[in-house]
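No value in this document is a laboratory result; all are computed from the given coordinates. Source: prediction; values computed, not measured. Here the Cβ positions follow ideal geometry from the backbone for every residue, glycine too, while neighbour counts run over all protein chains shown.
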C-alpha cells in the first residue's frame with residue numbers, strides 16, 4: 001500500500017471552542033476535536049475513511065492536486 005502525506009490546515013475556533021482541520025489535497029476534507037491532538041487523530045481517521053470509501057466506490061483519488069497558498073491579509077477595523 002502506498003503511503004501518502006497530506007498538508008493539514010489546523011485552526012482553533014473560539015466560538016465553538018474546538019480545533020478544526022482541513023485537508024486541501026482531499027477536497028478540503030474537514031473534521032474537528034476538543035484538543036489539537038484529538039483533531040489531528042480524527043483527521044487521520046477521516047483520511048483513512050476517505051480512501052476506503054473511494055476504493056469501495058471505485059473512485060480514483062488524485063493526490064497530486066495543487067497546493068494551497070497561504071496568504072496573510074491584515075485588516076484594521078475602526
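Structure notes:
- Backbone N atoms of segment 31-50 closer than 13 Å to the 7 Å Cα→Cβ label point of residue 16 belong to residues 31-35, 39.
- Ranked by the mean number of other Cβ atoms within 10 Å of their residues, highest first, the peptides 44-53, 21-30 fall in the order 21-30, 44-53.
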